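Working notes, beginning with the structure itself.
The values are calculated or read from the model by the stated rules, or taken from the named source; none is laboratory data. On a predicted model such as this, the values are computed, not experimentally measured, just so you know. Cβ coordinates were reconstructed from backbone atoms using ideal geometry, including for glycine residues, and neighbour counts include every protein chain displayed.
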Amino acid sequence: MSSPTPSAADSAGSSVREALVAEALAADAALAAAEARRTRAYAALGQYGLTRATEHRSSVRASDMAMREIASEVAAVARLSDRTVQTHIGRALQLVDDYPAVVDAWEAGALTRAHVRIVLDAGAALPEERRPEFDTLAVGLAAQLSPGRLRSRLAALAEKLNPTTLTERHQRGRETRCVRVVPGVDGMSDLIATLPTVLAVGIYDRLTLQSRAVIDARTVGGPDPQVDRTTAEPVQGQGATASAVDERTTDQLRADILADLLLAAAPVADPTRSGDGPGVLGEIRARVQVVVPALTMLRPGDENLDPAELVGHGPIDAETARGIAESTTIPWDRVVTHPVTGAVLFTDTYQRSSAIDRHLRARDRRCRWPGCAVPAVRCEVDHTVDWALGGTTRVDNLAHLCQRHHSQKQFTRWKVRQRAGGILEWTSPSGRVYADEPLPYAPAVRFLPDDPSPPDDEAAPF
């Protein structure tokens, strides 16, 4: 039997396909080389910062501030978070110092960023003296395997090279436990808790059993199927709508129960408890800063024109904002803004409190370091010109800074001055200047006359 002879059209199509594949592979190799070059550049920045720190003061704090200073320089130019840049610098230093063979292969286009990340993660638990051997072996494996298959192979390799037991490493791993928020879309976010596996699995199992108990209760004791469902009592709880029947899924119930437990329950491990009496931890409530435009409350159908905002995170839906407004016992601050520019003109409240703090929270809404989004309610009020140097306690010499950037202002060579309108002008150690302006409130209605100047006999509204 003879094989069919390929036609001219088949040969031409094969040539085009091969050319496209070659172009894609060449682009991948160029991207890998650029990423490796970027890693070397970030590592050089980090080494420069560490060298400067040791030249002046050899302390952990001096090294950290030196790294923050250089990271902020890059972040301000690139419009990135300085925390993100500092993380990139730290990772780059580790790659260049501990895994030179991996970086060389990456630069040659033999590895992708996914391969490099897996090598870095797998080798994280190894002591420094074992990393050169791991680096050599990892390159050989990574060049032959996909990232998905490489992960398990490198985990086994790292386990063989590690001189400490898994139990010992778990004790160190417990020190990394944390909780973080990853912003999502449509007013949603991921709340991620890094915990010992046994606790994480136990929490998930308990939430699952509790959600099933809710489902069983509504199945057994719910309304008679022949009864008009519109007369049933609405279900209460996080995430439940004002419908007649609780139709939440298991996933939704797990999320709602978790929110209820975290926001309302008193922790068992409360060092302030005395005897059988409750401690103070159970009385602590969540703090958020929410901006709700008045017209959004009155006309929820137009919420996209001027949405409510969870400061530091972005827009939230009008229903959630209205629920917060109706349930909170804390007095709301009224913020009067300019109808065209959105600048804060004044603030007031129906209960007496600090006028300066109200004004600053309304004006700043977030940390005033360029690019930082930490909400003002979690920040410190800083004197732009230090009180010890003659600075006054006035709104034109005060601004919110998160703890990280407050200390960075104090202990690095970054300089700041406050201009009219609450604009903070930051000058980097290399002389670059960045202006951070208060985020204006979006005017819901803008009337712009043909001639913006008012008649002589008519005063301007503001």
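Taking into account only those residues within region 157-174 that are loosely packed, with under 11 Cβ neighbours inside 10 Å and not in a helix (DSSP H, G or I), which is nearest to the chain's Cα centre (by Cα)? Among them, the one singled out is THR165.
Applying the condition of being farther than 14 Å from GLU107 by Cβ and among the polar types (S, T, N, Q) to region 36-52 and asking which residue is surrounded by the fewest Cβ atoms within 10 Å (Cβ to Cβ) yields THR51.
Note on region 416-441: residues that are under 17 Å from ASP396 (Cβ atoms) and in contact with a strand residue (DSSP E or B) (Cβ under 8 Å, 6 or more places away or on another chain) amount to 13.
Checking each residue in region 399-415 for being touching a strand residue (DSSP E or B) at 6+ places or on another chain (Cβ under 8 Å), of a type outside the set (Lys, Arg) and either surrounded by fewer than 20 Cβ atoms within 10 Å (Cβ to Cβ) or at pLDDT below 90 (or both) picks out GLN403, HIS406. Name the residues in region 94-108 that are under 11 Å from PHE134 (Cα atoms) and of a type in the set (D, E, K, R), would you? Scanning region 94-108 gives a single hit, ASP98. All of (1) modelled with pLDDT under 80; (2) in a helix (DSSP H, G or I); (3) touching a strand residue (DSSP E or B) at 6+ places or on another chain (Cβ under 8 Å) hold for ALA388 with one exception: (3).
Contact map, region 69-94: first residue closer than 16 Å to TRP414 by Cα and in contact (Cβ under 8 Å) with a residue 60 or more places away in the chain, second residue surrounded by 19 or more Cβ atoms within 10 Å (Cβ to Cβ) and among the basic types (Lys, Arg), Cβ cut-off under 8 Å, separation 6 or more or different chains; pairs are ASP82/ARG68.
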